[in-house]
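Trainee: Dropping the structure in here first, questions after.
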Amino acid sequence: MVDATGFDLVWVMHAFSRRYEFALGMAELVCCLLVLVPRTRGVGALMGLGITANLTLLNHEYFIGAFEIALGLLLCSVAMLLLRWRWVLGLVGFSLRPPTCPRWPAAAKLAGWLVLVGVFAWMLIPEIVMLRQQPSQPDPSLPHGRYVVERVDAPRPEAFLVPGAYLYIDDFDVGGIRQAEKRMPARHTIDPSTGTFRFHVHHDYFTFTALPIEEQERIGDDWWNHNVFTIEGRYQRASETGILTVETPTGRLVLRPDPLDWPQRHRRLHP
């Protein structure tokens, strides 16, 4: 476990307990509901400040990949508290006399609104547009999940594309290949109308779990500049077994579904 990446550690930890995930989601939902009601907006902003500060630090320290959106939500919480600066100071026991400079309250509110507008224009609006472009549900007719390479009928297969290697096909055209301790990111396109399958792998980007974190970061910073390898051809999927057969120009690739089910095994230990 000490050799795993920060991303691996966080997501394995989160997947270990559905109750923990549910509690986090409920806390975020309650925070949003409190923000929507004017009388409880300050409490919601304080609650959001704690939640988003944790998310921001988690994304930064463990390289999760959602640092910008977490930071944007953190700044939104700060802005809402700036708009309620008197309430915040009163909450911690300060009793304020009427301000000697009447411009100070107006400046605090202006700063709060500027932060909100800036965050939405710079971070949140692009993220919302990107999320709106993603399908809400994966297409059940498409291959999805983890597959193990069962057979490779090719004269010169790639070194990592051997029986026993894993292919990961995610919902949003991303995935990867894992062979022993090598893990390579990939993007894929699957067109059921034409029956074509394309798996685009950056095969010089290897993540070895034995490498120190600094070495993994050095490799990861420049991974787009490395060579690529593409698995492309017509595919067929057996309806009963789910076995995926890809006919490429150089041979045939047979992939057998191998679902990731360890969270279910964990839940069976705690009925």
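Trainee: Looking for whichever is surrounded by 12 or more Cβ atoms within 10 Å (Cβ to Cβ), in contact with a Lys or Arg (Cβ under 7 Å, 6 or more places away or on another chain) and at pLDDT below 75 here; the options are THR207, THR196. Which one fits? Show your work before the answer.
Mentor: Numbers: THR196 fails: at pLDDT below 75.
One residue alone meets the criteria, THR207.
Trainee: Could you grab the pairs with beta carbons closer than 8 Å, sequence gap of 6+ or different chains, first residue in region 21-43 and assigned by TED's automatic domain parsing to the domain that holds SER77, second one among the aromatic types (Phe, Trp, Tyr)?
Mentor: Going by the 8 Å Cβ cut-off, the qualifying pairs are GLY42/TRP87.
Trainee: Which condition does ASN54 not pass, out of (1) out of contact with any His (no Cβ under 7 Å at 6 or more places or on another chain); (2) touching a residue at least 24 places away in the same chain (Cβ under 8 Å), if it passes all the others?
Mentor: (2)
Trainee: Can you go through GLY242, GLY175 and tell me which one is modelled with pLDDT of 70 or more, surrounded by 13 or more Cβ atoms within 10 Å (Cβ to Cβ) and in a loop (DSSP other than H, G, I, E, B)?
Mentor: Values: GLY175 fails: in a loop (DSSP other than H, G, I, E, B).
Within the list GLY242, GLY175, the selection yields GLY242.
The values are calculated or read from the model by the stated rules, or taken from the named source; none is laboratory data. Note that the coordinates shown come from a computational prediction; the quantities given were computed from them, not determined experimentally. Ideal geometry is used to build each Cβ from the backbone, glycine not excepted, and the neighbour counts take in all protein chains shown.
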